[in-house]
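Read through the structure below, which is laid out as structure tokens, and then see the notes.
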Amino acid sequence: MELKVYNSMTQQKEVFEPKTPGKVGMYVCGVTAYDLSHLGHARAAVSFDILYRYLQHLGYEVTYVRNFTDVDDKIIRRANELGENPLSLSDRYCQEYLVDMADLQCLPPTHQPRVSDHMEQIKDMITQTCSFAVDKSPNYGQLSGQKLEHNRAGERVAVDSRKRNPADFALWKAAKPGEPSWDSPWGPGRPGWHIECSAMSAHYLTFKFDIHGGGIDLIFPHHENEIAQSCAACQESSVGYWMHNGHVTNNNEKMSKSLGNFFTIRQITERYHPLALRHFLISAHYRSPLNYTVLQLESSSDAVFYIYQTLLDCEVALSSAQEGSLKDEIEKKGGKVASITKSAEDCISKLRSEFQTRMSDDLNTSPILTGAFQDALKFINRFFELVEENVLLTQFLVDNFQKKQPKKQQLSMFQSLVEVEREVKDVLGILGLLPPGTYSEVLEQLKEKALKRAGLVEDDVLRLIEERATARKNKEFSKSDQIRADLTTKGIALMDIGKETIWRPCVPVEPEPEAPPAEKEQKAATTAATGEEQKA
């Protein structure tokens, strides 16, 4: 299928065609490193990480550049507040950002340039653009649709009375006492905000490259000014596709540091697994606003637990089957051991088709983890349901197939599971949702996070499971039900499997509001009357 992406420049979806066949150059604006990164930064990183992964999946050789702004007014102000060297402070937060990206399983870009390391490239570009003026740029506003008079003078860069036009923006800022500075033909100073991305994208990708990305708030003035100064430096400068991710909102208001209504990535991952956060971030189309709610994060956490539990059960079952009497047959066949079942073929075909269709349509990740993907998980779990009391597939394969079914059918069922599992893992890999460790490890981590949110330790849960078992033995069913309900409100679900009770995280369920006294009396009277009727 042809990949179509939404181009902010033309405001429509276009078939993606790189400038050089088989190769893609992509530049994404990174963070200004003066604090821990927030949920909005996470969304931008995950959105373009998925694009990076999918382009690689399609066979492209991708050069992915994501910058760090480590020289900036905000960095200097924060450093002065803390009594720290600005470059030292920004370096510290660059490293913290990389830790967050690793937690979210964002692949490292090909290059991660910093402004402080590219002063020569920036000064060279300024030399080429010194004669540039915004009011003499005939195409200014082509990306944003903004009129020249709407350019926000003072945005990130102080208004300067030396400007020929208030809408002009600084390419080089004169040094002030105590601020980091570099020598230049225009005196000691540092670059303005917009010039850095033009210089670094040209350095790593040339003036002509395929994709320029960033948050939607960067369209104006940042990306508009990038276009203007890049074209001033090189008339043939061009970007094939401008791509922008939507805001993360909090109570439907843009989440940002400047508004003070943001959550840092670290604040979220202290309570929720990073993979649950990644799942949440791709639960809406990357261009749509994404509203932060605790319920959404709880739902994502529950969804990833179900995915990894299913895959763990499948992995254990297949491994055990290969250790049983099927082992010789599998080894004899070497690789694919048999044809898969028709239901497995249909399951794989639907999942593959739906995944390709959605991803080719401007990376529409939001419906991918529902629909055919869920059907594939159900296909795997259906084997566990075939046996009374949810006996594991291992037992099903070893105790049933080998005694009651022909060897060919056993191998076909085995191969079906292998290939459905592989397709599920392929989808998760491209979405960056395959855990870095074992399924068991990530499931334990998800449980630890759930206990933390519930304000419990595992011994508390085990004690309550024992109390519930005693209550049930004594036929105190209202007490046993209450223990289970109380835990459910805290996001802990009890599951009775045979004679054993286990627990797993769940989406917390709000307790039912207590009925008013009059309603209680009416309910009691109705119950009593019903009881009399039954006796009669």
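Observations
- Among the residues making up segment 260-318, those that are aromatic (Phe, Trp, Tyr) and not in a strand (DSSP E or B) are 262, 263, 272, 280, 286, 305, 306, 308.
- Within segment 105-129, being more than 30 Å from residue 51 (Cα to Cα) and open to solvent by 70 Å² or more (accessible area, probe 1.4 Å) holds for 120, 124, 127, 128.
- Residue match in segment 188-209 (condition: open to solvent by 10 Å² or more (accessible area, probe 1.4 Å), in contact (Cβ under 8 Å) with a residue 60 or more places away in the chain, of a type in the set (A, V, I, L, M) and not in a strand (DSSP E or B)): yes
- When 315, 224 are screened for being farther than 23 Å from residue 366 by Cα and open to solvent by less than 10 Å² (accessible area, probe 1.4 Å), only 224 passes.
- Residue within segment 451-459 that is open to solvent by 70 Å² or more (accessible area, probe 1.4 Å), under 11 Å from residue 505 (Cβ atoms) and either in contact (Cβ under 8 Å) with a residue 60 or more places away in the chain or among the hydroxyl-bearing types (Ser, Thr, Tyr) (or both) present: yes
- Any hit, segment 39-49, residues being over 21 Å from residue 281 (Cα atoms) and among the acidic types (Asp, Glu): no
- Unmet requirement for residue 87, which otherwise passes all of (1) exposed (fewer than 14 other Cβ atoms within 10 Å of the Cβ); (2) aliphatic (A, V, I, L, M); (3) over 28 Å from residue 430 (Cα atoms): (1)
- Within segment 285-298, considering residues that are touching a Lys or Arg at 6+ places or on another chain (Cβ under 9 Å) and open to solvent by less than 50 Å² (accessible area, probe 1.4 Å), the one farthest from residue 450 (Cα to Cα): 286
- Exactly one residue out of 375, 399, 426 is at pLDDT below 95, surrounded by fewer than 18 Cβ atoms within 10 Å (Cβ to Cβ) and in a helix (DSSP H, G or I), and it is 399.
- Of the helices (runs of 4 or more DSSP H) lying entirely inside segment 21-135, the ones with 2 or more residues being among the polar types (S, T, N, Q) are found at 39-57, 86-103, 119-129.
The values are calculated or read from the model by the stated rules, or taken from the named source; none is laboratory data. Worth saying up front: this structure is predicted, and the values here are computed from it rather than measured. Virtual Cβ from ideal backbone geometry, glycine too; neighbours counted across all protein chains shown. Remember, those area values only see protein heavy atoms, side chains included, never the ligands or the DNA or RNA. Shrake-Rupley method; radii C 1.70, N 1.55, O 1.52, S 1.80 Å.
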